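The values are calculated or read from the model by the stated rules, or taken from the named source; none is laboratory data. What you are looking at is a predicted structure, and each value in this text was computed from that prediction instead of being measured. Here Cβ is always computed from backbone atoms with ideal geometry, including for glycine, and neighbour counts include all displayed protein chains.
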Amino acid sequence: MESFVIQIHRRPASTGRGEVVGMVEAIESGRTRPFTGQAELLALLGLPLLRLRPPPAPTGSLE
């Protein structure tokens with residue numbers, strides 16, 4: 001099993017949802033690769049793209 005160190009940062013996006021960016025380091029090889037977005041992160045980890053659902057909209061009033 002491969003081990004990774006992953007640094008994830010969220011930066012503001014004009015759409016109101018933060019975009020994730022960061023670095024992935026493979027422990028065994030020491031190789032470090034940057035990524036921008038979920039698809040690139042999962043590709044670097046050798047995982048299929050996951051479709052994350054946005055959080056549900058708030059309901060009711062807080063008054």
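Pairs meeting the criteria (first residue in region 3-16 and farther than 12 Å from F35 by Cα, second residue of a type in the set (F, W, Y) and modelled with pLDDT of 95 or more, beta carbons under 8 Å, at least 6 apart or on different chains) are lacking. If you check A39, A57, A26, A43 for being among the small types (G, A, S) and at pLDDT below 85, only one passes: A57.
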